[in-house]
Amino acid sequence: MRRLAFVTSFLVACSAFAQTKPAPGGYTPSVTYQLLDVALDATATEIERVGARPTINSRELFLATAALYDAWSLYDADAQPSHLSGVARRPVNERTDEARARAMTAALETVLLDLYPSQKSRLEAVFAARGLKAAPAKGSPEAWGVAVAQAIIGQHQHDGANQLGDERGSNGTPYADYTFYTPVNGPQKVIDEDRWQPIPFTLDSGEVVRPNFLTPHWYRVKPWALDSASQFRPPPPPKYGSEQLKQEVDEVMALNANLTAEQKATVEFMRDGPRSTGQSGHWLRFAQAVSRRDQNDLSRDAKLFFAVGAVCFDAFIAAWDAKRYYDSSRPWTLVRVMYKGQKVRGWLGPGQGVGLIPAEQWAPYSPASFVTPPFPGYVSGHSTVSGAAARVLTLFTGSDRFDDEDARRAGQLTEKGATHAAMQSVDGKPSTASEKSCDVVLPLPTFTATAAMAGWSRVLGGYHIQADNLAGLELGRKVADAAWPKLEARFGVKKKKN
C-alpha cells in the first residue's frame, strides 16, 4: 500500500484545478453535471487513500459516466445503452427528467460502491442526501438504474483490469499485474539505454522508494470502442545513439534549464487538483466547462460526459500498449547516460533556480517525491488522453472552440513557498523579477490548443521527449476518430441519406 500511496502527499498538497470561467448568470448545472461531481469527488478520495493510478482512475470514471449515460438512455426515444443490447425502453409516459435523474442517481451509486468499497458509508450518506432510498421499489426508475449498473459491473468484472485481483497469475491484490513484467534495467544500473528504468523517489519522510511500472498489464484491458489495444500502435521511438534522440534529449535539457514563469505554469498545467482525479478527470472538468458555457441540459450532459469518459479510457489502454511494447526510457535516464561524467545546466531544486550540475544529478522540474511518473515514456499518456479528449469534444460540439483559460501561480505545485526571485535564480544569483510575474493566465482558445499545451507541458517539465508527445497526440486523435461513429450510433444520431 505504501508504494501505491507514494504520490498522495504531493498531489493533495500541491495541486490546483484550472480556474475555469463560471457559468452565465442564472444558469444551474444539470443533474448529470452534479452527479459527475459526486463521481469525481469519489475518485479524488480514492487517490488520497491509495495514490494516483491514472489508468485505474480512467476506468473508474469511464464506468461512472457509462452508468449515468446508460440509465439515462432507457428514458430516451432514440439512444442506445453503451453496454447493453435488447433492453426495452421505458414507456413514453415515464420519460421525464425526474425519472431520468432518479435512475441515473441509483446507477451511479451502485457503480461507485462497487469501485470504492472503502467509501461505503460516506457514499451512502451522499446519495441519501440526494433522496436515494436504500431499497428501490420494483419497476421504479431507481430499480432500473440499479439493474443497468449491475449489468455494467458484470461486463467489466473480468475485463483485464484485474479489479478483483483474481486473474490467473495474479497475487490477489486488486489491479495487480498478472503478466510478470520485470524491468530490464535496475534502479542503479542501465543495461539497455532504450529500456525503462525504475526511478528513485525521496518521500517527505526521507524514505527512498523505487516504484515499478504502474499497471503494466493494462494493454490487456478490453477497450470500449477500439478493436484492440494495439489497433493504432505507433511506430518505434528514436533509438539510443540516433541523432533524433540526441536532439530531443538536448531540447529537453535546454528547456528545463531556462523555464520562464509562464513555462513553469504550463509544466504544472495538467497536475489537476485541489484533489486530483487524473488526466481523465481533468478532461471531464473541461467537459463541465463546456457544459456551463453551452448551458447543457441533463440529456446533453449524459452524452457529453460519456463520450469524454469513453475515449479517455480507450486512450489509456492504447497508450499502455505502446508503453509495454516499447518499454522505452525517459529523460531522467537518458540525460544521465548520454552525458555521464560531464556537467550540464539543470534545475537545482525548489527555490534554487538553475546551475551547473553533474549529469548524474539531472532531474525534471518536479518534486523529489514524484520525480517522473513510474512507467515507460513512449507514448506520453497525458498527450494520448488529451489528444483523444480534445478531438471528441470538437466532434461532439461541432467546433474546436473552447474559449477558456487556466489561471495559476507559477511554481506553486513544484516550489511551494519559494519566492519568485529564488525560483528564477541562475548560478546562485536571484532574479530581480517581481512576485506578480508568478501570476500567469494560460489561454485555452481551442480544444486542440489545450491538448497541445498539455502534451508540451510534459516536454517542458522534462518527463518526456518530443517523440513521446507527438506520437501520443496522434494516437489519441486516432482513438477518438475510431470511437466517434460508435458514440453517434449509441446516441441515436440518424445519418442523412445522400
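Values quoted throughout were computed directly from the atomic coordinates according to the rules given, and no laboratory measurement underlies them. Please read all numbers here as calculations on a predicted model, not as lab measurements. No Cβ is skipped: glycine too gets one built from the backbone with ideal geometry, and neighbour counts run over all protein chains shown.
Where the eigenvalues come from the Cα gyration tensor of the range 200-336, what are the semi-axes √(5λ) of the equivalent ellipsoid, largest first, in whole Å? Numbers along the way, then the final one.
On the way: eigenvalues 194, 102, 59 Å².
Square roots of five times the eigenvalues give 31, 23, 17 Å.
Please list 85-94, 26-35 highest first by mean number of surrounding beta-carbon atoms within 10 Å per residue.
Ranked from most to least packed, the peptides come out as 26-35, 85-94.
Could you work out the equivalent-ellipsoid semi-axes for the range 293-342, taking the square root of 5 times each eigenvalue of the Cα gyration tensor, largest first, in whole Å?
They are 42, 15, 4 Å, listed from largest to smallest.
Can you give the alpha-carbon Rg of the chain over 2.2 N^0.38 Å, where N counts its residues?
0.98
Taking a ≥ b ≥ c as the square roots of the Cα gyration tensor eigenvalues, with a/c under 1.5 meaning rounded and otherwise prolate when a/b beats b/c, else oblate, which class fits the range 358-411?
Oblate is the answer for the range 358-411, as a/c is 1.5 or above yet b/c matches or exceeds a/b.
More than 19 Å apart: what percent of Cα pairs in the range 383-498 qualify?
61 percent
Show the residues, 5+ positions off or on another chain, whose built amide H is closer than 5 Å to the amide H of F402.
T446, F447
Sort the range 40-106 into rounded, prolate or oblate with this rule: let a ≥ b ≥ c be the square roots of the eigenvalues of the Cα gyration tensor; rounded if a/c is under 1.5, and if a/c is not under 1.5, prolate when a/b is larger than b/c, oblate otherwise.
Prolate.
Sort 279-289, 176-186, 315-325 by packing, meaning the average of other beta carbons within 10 Å per residue, with the highest value first.
Ranked from most to least packed, the peptides come out as 315-325, 279-289, 176-186.
Could you tell me how far the Cα centroid of the range 123-172 sits from the Cα centroid of the range 238-291, in Å?
35 Å
Quick one: which residues, 5 or more positions from V344 or on another chain, have an amide H under 5 Å from its amide H? H modelled 1.01 Å from N in the peptide plane, none for Pro or chain starts.
HN-HN under 5 Å from V344: I357, A359.
Semi-axes of the equivalent ellipsoid of the range 130-169: what are they in whole Å, largest first, if each equals the square root of 5 times a C-alpha gyration tensor eigenvalue? Intermediate values should be presented prior to the final figure.
Working: eigenvalues 172, 21, 10 Å².
Taking √(5λ) for each Cα gyration eigenvalue gives 29, 10, 7 Å.
Using a 7 Å offset from the Cα along the Cα-to-Cβ direction at both Y325 and K486, what is the distance between the two label points in nm, to one decimal?
1.7 nm
Taking just the C-alpha trace of the range 27-179, give me its Rg and Dmax in Å.
Values for the range 27-179 (Cα only, Rg and Dmax): 15.9, 52 Å.
In terms of the Cα gyration tensor, with a ≥ b ≥ c the square roots of its eigenvalues, is the range 449-498 rounded because a/c is under 1.5, prolate because a/b exceeds b/c, or oblate? Show your work: numbers first, answer last.
Numbers: a/c = 3.97, a/b = 3.49, b/c = 1.14.
Prolate, since a/c reaches 1.5 and a/b exceeds b/c.
Order by neighbour count: R401, R59, R293, fewest other Cβ atoms within 10 Å first, most last.
Least crowded to most crowded, the residues run R401, R293, R59.
Just to confirm a number: summing +1 for Lys and Arg and -1 for Asp and Glu over residues other than R391 whose beta-carbon lies under 11 angstrom from that of R391, what do you get?
So the surrounding residues net to -1.
Which of the peptides 347-354, 104-111, 167-174 is most tightly packed, and how do the rest follow, going by the mean number of other Cβ atoms within 10 Å of each residue? Numbers along the way, then the final one.
Values: 347-354: 19.0, 104-111: 26.6, 167-174: 12.1.
Listed from highest to lowest mean packing, they are 104-111, 347-354, 167-174.
Dimensions of the range 91-221 along principal axes (Cα, Å, largest first)?
Principal axes ranked by extent give 68, 34, 25 Å for the Cα atoms.
For the range 312-462, what number results from the quotient of the Cα radius of gyration and 2.2 N^0.38 Å?
So the range 312-462 has a normalised radius of gyration of 1.21.
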